[in-house]
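These notes are about the structure you will find just below.
Read the figures in this text as sums done on the coordinates, not as results from a lab. Since we're looking at a predicted model, the values are computed, not measured.
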């Protein structure tokens, strides 16, 4: 929450919003190596498979929005000293599958199979 409050304050001080993609890439670049590598790859996957999503910081995390509403996000393991990073989806994601479906995935690394699954989920989320 503090990160989001800082984001809003910074926007007000500058009088205009900085380029959101530049902010997302800068946040990813600050991450420890294991998180940074996954964050960079996820950014590439989302941009390639859902170009209609706009990158933006959300509570200090790289996220991707459609019409201003968050669809998916990447949470670095280091953010909460967790043993895994998280790739998650918000309510705007079109992932409904019956009465129960996954909205977040734990990541310790990204394999080619993982990348394909994330690409398919992102495509479905914006469909």
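Quick rundown of the values:
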| quantity | calculated |
| --- | --- |
| In degrees, nearest ten, helix 112-125 long axis to first principal axis of the chain (Cα) | 70 |
| Helical mean residue ellipticity (222 nm; -39500 (n - 2.57) per DSSP H run of 4+; nearest 500) of the chain | -14000 deg cm²/dmol |
| Nearest-ten-degree value, helix 33-49 long axis tilted from longest Cα axis of the chain | 70 |
| Most fluctuating residue given options 68, 98, 88, as computed from a GNM of the chain linking Cα atoms under 10 Å | 98 |
| Over 22 Å [Cα-Cα, the chain], rounded percent | 33 |
